[in-house]
Amino acid sequence: MSVGPAVEVKSLTKRYGSTTAVEGLNFVVDAGTITALLGPNGAGKTTTVECCEGYRRADSGSVRVLGLDPVRDGTALRPRVGVMLQEGAGLHPGARARELLVHLATLHTHPLDVDALTERLDLATSATTPVRRLSGGLRQRLALAAALLGRPEVVFLDEPTAGLDPAARRESWRVMEDLRADGVTVVLTTHLMDEVEHLADHVVIIDSGHLVAQGSPSTLTGGSGRSLEDVFLELTGRGRRP
C-alpha cells in the first residue's frame, strides 16, 4: 500500500501542437475520498485524467498515483487502478455484456463476483446482449462494472452517470459512496452539480487548462447561500452577461 496522497499532480502541463490543454496544474487527492474535477467543455479535465491514467505523457510537471508514475510504472500500477472512459469507450462492441466481464475477471487476481456486480448495476437482464446493441445508459453501467471488477484502490470515472435515468444515477451514486466507505479513492469528472454536491469531498475547478479554485463544496460556496453552480459560473466567467 502507498503512503501519502492517492493522486498528486504537480505543475502538470500538456500540449497538443500549438494548443495548451493543461498548464501548471496542481492538486492533491487524499486517499479514500471522492474528488470531482469540474470545468467547461475543453477545460482540460479529460487530458488531466488521461495523464493520471497513463494514457498521456505530461510535457512537464509530474503526476503520481499511489506514489507511482502512471507511464513509467504502468505495469505495476494498472492492477491497482480502475478506469471508466467517456460513453463506455473501450468496450468491445461484439462481446456480450456478461462474457466481457467474465473475460476481464480472468485478468485480475481477486475480482469481484461478476453476477453480483451485474445485479447491483441492473445489468443482469442485458447479460447476453452485445455491447453494440446496448443503450447508452447500459453501456455506461457496463463500463462502470468493468472499472470496478478488479477491486481497484483508485478509480477514475469520466462522466460516469451521463445518459442514465434518475434511478440508475442514484444507484451509481450509492456504488461510489460504498467505494469510499471501503477506502477506495474516486476521481470523477462530471457536469452535474447535484452529483458533485451529493458526492464530492473535494472539488477541483479547471478552466482553459488552469486551476481556478479547489476545496470542499461548502468551502467553495462559503456558506453564502449561493449554489455550487453559481460559484462555478462566476469563477469560469460563464455567468457574466454578454
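The values are calculated or read from the model by the stated rules, or taken from the named source; none is laboratory data. Predicted model only: the values in this text are computed from it and were never measured. All Cβ positions, glycine included, derive from the backbone under ideal geometry; neighbour counts span all protein chains shown.
A few comments on the model shown:
- The single condition from (1) surrounded by fewer than 20 Cβ atoms within 10 Å (Cβ to Cβ); (2) modelled with pLDDT of 90 or more; (3) more than 19 Å from the chain's Cα centre (by Cα) that THR118 fails is (1).
- Selection from region 200-218 of residues that are touching a residue at least 40 places away in the same chain (Cβ under 8 Å) and β-branched (Val, Ile, Thr): VAL203, VAL204, ILE205, ILE206
- The set of residues in region 167-182 being surrounded by fewer than 18 Cβ atoms within 10 Å (Cβ to Cβ) and in contact with a strand residue (DSSP E or B) (Cβ under 6 Å, 6 or more places away or on another chain) consists of ARG180 alone.
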